[in-house]
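Participant: This is the structure I have questions about; it appears just below.
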Amino acid sequence: MKEYVTAHSRKTQREAALQGIITSQMLAVAEKEHVSAEYVRAGTAAGTIAIPANINHTALNPEGVGQGLRTKINVNLGISGDASDYTKEFEKVTAALKYGAEAIMDLSNYGKTDSFRRDLIEKSTAMIGTVPVYDAVGYFDKDLAALTARDFLEVVRVHAEQGVDFMTIHAGINRKTVSSFRERKRMMNIVSRGGSILFAWMEMTGNENPFYEYYDELLDILHEYDVTISLGDALRPGCLSDSSDTGQITELAELGLLTQRAWDKGVQVIIEGPGHMALNEIAANVVIEKRLCKGAPFYVLGPLVTDIAPGYDHITAAIGGAVAAAAGADFLCYVTPAEHLCLPDVDDVREGIAASLIAAHAADIAKGVPGAIDRDNAMAAARHRMDWDEMFRCALDPEKARSYFERTPPADRHTCSMCGKMCAVRTTNMILEGKTVGFTGSTGADE
């Protein structure tokens, strides 16, 4: 097998993999994941691994999403009509990159978003995703009903040319799936922003979803720039009562058919999934997605396992995300404490990232991903030695861990202020070293 450089060829990652070629991006992924380059190539050829890597995203540090690889996380951000401060959004970008998010989705939906997106692609080493349908109204400065099918496709082309690595395309909501949605009365109806926009456009114009009707033309655009299609779940449940219903499953079956059509065109695929869902339904939904979509990587939005925790939905999503990823999901979309309430600020973004990273890491250990437990073992060794500096180095968020430790400094640096001299680790270590343990005086050889 040989390596080829994407910039010198118009082959997509999928096409190269099918031809037995190991690309530079595959090599980079293999090195990060502690697996062989051939494993990555074979997974990319099978469609069980995707490497979103637009040929125009020159700052990208490639990542693989899929079977046998570390669970990746995505951070949503972007300007809106009520919060259009570019500086604040780039503070969130900085936080996302600092804390190790592998993907950033620009969900900007206000005004002319080109400059923000171009700057983001230029500066970000993480994968960049977008939802082009959000941008259509602002890009053309038209009312929704006045947009044409060609307009929607043109926005996709603009995003692709600029260097977007993966795009959420809601191609599975069509007349058939809308019929299923209408027949089953939902409590929350459609909660996908992109799905609701396309549903409204279809109802107002009487036309079929343009992303479904002109799917082959859409794929031609994505193929030209090697953009991965992230097939959006327009009919995902927005509350527990709507989970695993006819509309959701009908659309998922449609996404399975669209997956094969994309693969046949040489385009990589990721499938987006629920949404709000009870804990006991999550694993079954992962199995169904893998079966209907032939093992395509699964990108889950949450799942949020209860509807009653606004202000804490980063926790409800982390619980669901850990279960989903342990069951085989490959990609987690972070959720912040501001979910359902407002646009998150930088602190919310940090909390959301941390919660998702914990969920992803816990699942990777459960799945036996190569190297996943190494950091935990290093932390355990540092705790055994009571080596605080090493503990902070191993921590997910070293700054936060250190700040808590220093908030109430212990009298003895070999302990923390919670247990003091009664620290179980200290006590056991001293006994095993043949020392005397005392809690009230200056007994003990280490004191």
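Participant: Just give me the residues in segment 281-312 being free of Cβ contacts under 8 Å to residues at least 60 places away in the same chain and of a type in the set (Asp, Glu), in sequence order.
Facilitator: Within segment 281-312, Glu281, Glu289 qualify.
Participant: Spot the failing condition for Ile365; the list is (1) under 25 Å from Gly47 (Cα atoms); (2) without any contact (Cβ under 8 Å) to a residue 40 or more places away in the chain; (3) surrounded by 18 or more Cβ atoms within 10 Å (Cβ to Cβ), and only one is missed.
Facilitator: Looking at each condition in turn, Ile365 falls short on (3).
Participant: Here are the criteria: (1) outside any loop (DSSP other than H, G, I, E, B); (2) open to solvent by 70 Å² or more (accessible area, probe 1.4 Å); (3) touching a Cys at 6+ places or on another chain (Cβ under 9 Å); (4) of a type outside the set (Asp, Glu). Tell me which single one Lys400 does not satisfy.
Facilitator: Only one criterion in (1) outside any loop (DSSP other than H, G, I, E, B); (2) open to solvent by 70 Å² or more (accessible area, probe 1.4 Å); (3) touching a Cys at 6+ places or on another chain (Cβ under 9 Å); (4) of a type outside the set (Asp, Glu) is unmet by Lys400, namely (3).
Participant: Here are the criteria: (1) open to solvent by 20 Å² or more (accessible area, probe 1.4 Å); (2) of a type in the set (D, E, K, R); (3) touching a Phe, Trp or Tyr at 6+ places or on another chain (Cβ under 6 Å). Tell me which single one Glu289 does not satisfy.
Facilitator: Unmet condition: (1).
Participant: Is it fair to say Arg350 is part of a helix (DSSP H, G or I), open to solvent by 30 Å² or more (accessible area, probe 1.4 Å) and within 26 Å of Val65 (Cβ to Cβ)?
Facilitator: Taking the combined requirement at face value, the residue satisfies it.
Participant: On to the next question. If Met391 satisfies every condition in (1) open to solvent by less than 70 Å² (accessible area, probe 1.4 Å); (2) not in a helix (DSSP H, G or I) but one, which is the exception?
Facilitator: Against the list (1) open to solvent by less than 70 Å² (accessible area, probe 1.4 Å); (2) not in a helix (DSSP H, G or I), Met391 comes up short only on (2).
Participant: How about segment 94-152: which of its residues are in contact (Cβ under 8 Å) with a residue 60 or more places away in the chain and in a strand (DSSP E or B)?
Facilitator: Ala103, Met105, Met127, Ile128, Gly129
Participant: Does segment 364-375 include one or more residues that are small (Gly, Ala, Ser), at pLDDT 95 or above and out of contact with any helix residue (DSSP H, G or I) (no Cβ under 7 Å at 6 or more places or on another chain)?
Facilitator: Checked segment 364-375: at least one residue is small (Gly, Ala, Ser), at pLDDT 95 or above and out of contact with any helix residue (DSSP H, G or I) (no Cβ under 7 Å at 6 or more places or on another chain).
Participant: Starting from residues that are under 19 Å from Gly320 (Cα atoms) and crowded, with 20+ Cβ neighbours inside 10 Å, keep the ones in segment 336-347 and report whichever is nearest to the chain's Cα centre (by Cα).
Facilitator: Thr336
Participant: Has segment 410-421 got at least one residue that is touching a helix residue (DSSP H, G or I) at 6+ places or on another chain (Cβ under 8 Å), under 28 Å from Gly100 (Cβ atoms), open to solvent by less than 50 Å² (accessible area, probe 1.4 Å) and assigned to a helix (DSSP H, G or I)?
Facilitator: No - not one qualifying residue is present in segment 410-421.
Participant: Within segment 241-262, can you find the residues that are out of contact with any Ser or Thr (no Cβ under 7 Å at 6 or more places or on another chain), assigned to a helix (DSSP H, G or I) and either over 21 Å from Asp165 (Cβ atoms) or open to solvent by 20 Å² or more (accessible area, probe 1.4 Å) (or both)?
Facilitator: The answer is Ser241, Asp242, Gln248, Ile249, Leu252, Ala253, Gly256, Leu257, Gln260, Arg261.
Participant: What are the residues in segment 160-210 that are outside any loop (DSSP other than H, G, I, E, B), without any contact (Cβ under 8 Å) to a residue 60 or more places away in the chain and open to solvent by less than 70 Å² (accessible area, probe 1.4 Å), if any?
Facilitator: Residues satisfying the conditions are Val178, Ser179, Gly195, Ser196, Phe199, Ala200, Trp201, Met202.
Participant: Now a separate question. Of the conditions (1) at negative phi; (2) under 22 Å from the mean Cα position of the chain (by Cα); (3) crowded, with 24+ Cβ neighbours inside 10 Å, Asp226 fails just one. Which one is it?
Facilitator: So the condition that Asp226 fails would be (1).
Participant: Now for a different question. Gly100 versus (1) surrounded by fewer than 15 Cβ atoms within 10 Å (Cβ to Cβ); (2) in contact with a strand residue (DSSP E or B) (Cβ under 6 Å, 6 or more places away or on another chain): which is the lone unmet condition?
Facilitator: Going through the list (1) surrounded by fewer than 15 Cβ atoms within 10 Å (Cβ to Cβ); (2) in contact with a strand residue (DSSP E or B) (Cβ under 6 Å, 6 or more places away or on another chain), Gly100 breaks only (2).
Participant: What are the residues in segment 44-58 that are open to solvent by 10 Å² or more (accessible area, probe 1.4 Å) and either within 11 Å of Gly68 (Cα to Cα) or among the acidic types (Asp, Glu) (or both), if any?
Facilitator: Thr48
Matching residues to (1) assigned to a helix (DSSP H, G or I); (2) farther than 23 Å from Glu161 by Cβ; (3) not polar (S, T, N, Q):
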position	(1), (2), (3)
Lys11	no, no, yes
Gln25	yes, no, no
Glu31	yes, yes, yes
Val40	yes, yes, yes
His57	no, no, yes
Leu60	no, no, yes
Glu91	yes, yes, yes
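Participant: Could I ask something else about it? When segment 267-278 is examined, which residues are found to be over 19 Å from the mean Cα position of the chain (by Cα) and open to solvent by 10 Å² or more (accessible area, probe 1.4 Å)?
Facilitator: Once the filter is applied, which keeps residues that are over 19 Å from the mean Cα position of the chain (by Cα) and open to solvent by 10 Å² or more (accessible area, probe 1.4 Å), segment 267-278 yields only Ala278.
The values are calculated or read from the model by the stated rules, or taken from the named source; none is laboratory data. Just so we're clear, the structure is a prediction, and the values are computed from it rather than from any experiment. So basically every Cβ, Gly included, is an ideal-geometry build from the backbone, and we count neighbours across all protein chains shown. Ligands, DNA and RNA are stripped out before the accessible areas are found, and what is left, the full protein with its side chains, is counted by its heavy atoms. Shrake-Rupley method; radii C 1.70, N 1.55, O 1.52, S 1.80 Å.
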